[in-house]
Amino acid sequence: MSYDVEKPDEQWRAELTPAEYAVLRQAGTEPAFRGEYTNTKAKGVYSCRACGAELFTSDTKFESHCGWPSFFDPKDTDAVELLEDRSHGMLRTEVRCARCGSHLGHVFEGEGYATPTDQRYCINSISLRMTPDAE
């Protein structure tokens with residue numbers, strides 16, 4: 001897969017902290033309930049921490065009590081890409097930034113959340129950077 005933003009691994013390592021690199025470039029997961037945006041209620045736009053692409057808005061963020069920020073829809077349908085993930089003996093759908101290919105988290109469907117899409121984009125806080133709306 002080719003992306004609009006492609007960098008050599010050494011450059012990603014230089015630009016990201018070790019924790020950011022582990023999640024964004026190695027598909028890791030940050031510890032539950034410890035992320036910066038897990039309980040954020042501020043209005044704004046959530047962008048990819050690696051490349052700055054706008055991914056989600058606070059209008060689609062909801063309380064799922066799963067330990068990571070949850071959204072029911074991306075900002076634009078082409079902002080993220082969805083890939084089959086068979087790691088850890090499970091079948092899941094991985095969510096990546098469509099601009100740089102960085103790992104964001106996973107999307108789950110049919111869990112009974114009262115959202116317009118019946119989806120939960122479970123996203124690592126460390127993969128995001130939130131820009132608050134101007135007041």
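The values are calculated or read from the model by the stated rules, or taken from the named source; none is laboratory data. Since this is a predicted model, take the numbers as computed values, not measurements. Quick reminder, even Gly has a Cβ in these numbers, built from the backbone with ideal geometry, and neighbours come from all protein chains shown.
A single entry from Ala134, Ala32, Ala42, Ala114 fulfils the requirement of being exposed (fewer than 13 other Cβ atoms within 10 Å of the Cβ), over 18 Å from Leu16 (Cβ atoms) and touching a helix residue (DSSP H, G or I) at 6+ places or on another chain (Cβ under 7 Å): Ala42. Of Gly52, Gly35, which residue is on the phi > 0 side of the Ramachandran plot and out of contact with any strand residue (DSSP E or B) (no Cβ under 7 Å at 6 or more places or on another chain)? Residue meeting the stated conditions: Gly52. Apart from one condition, Asn39 fits all of (1) within 25 Å of Asp133 (Cβ to Cβ); (2) at pLDDT 95 or above; the exception is (2).
Please work out if His88 is surrounded by 16 or more Cβ atoms within 10 Å (Cβ to Cβ) and either within 13 Å of Cys122 (Cβ to Cβ) or free of Cβ contacts under 8 Å to residues at least 24 places away in the same chain (or both).
Details: surrounded by 16 or more Cβ atoms within 10 Å (Cβ to Cβ): no; either within 13 Å of Cys122 (Cβ to Cβ) or free of Cβ contacts under 8 Å to residues at least 24 places away in the same chain (or both): yes.
Considered against the rule, which asks whether it is surrounded by 16 or more Cβ atoms within 10 Å (Cβ to Cβ) and either within 13 Å of Cys122 (Cβ to Cβ) or free of Cβ contacts under 8 Å to residues at least 24 places away in the same chain (or both), His88 comes out as no.
The C-beta contact set for the range 54-65 (first residue assigned to a loop (DSSP other than H, G, I, E, B), second residue of a type in the set (Lys, Arg) and buried (at least 19 other Cβ atoms within 10 Å of the Cβ), distance under 9 angstrom, 6+ apart or interchain) comprises Ser64/Arg120. Residue selection: Arg92 fails the criterion of being touching an Asp or Glu at 6+ places or on another chain (Cβ under 9 Å) and at pLDDT 95 or above. Of all residues in the range 84-135, those being in contact with a Cys (Cβ under 9 Å, 6 or more places away or on another chain), part of a strand (DSSP E or B) and of a type in the set (D, E, K, R) number 2.
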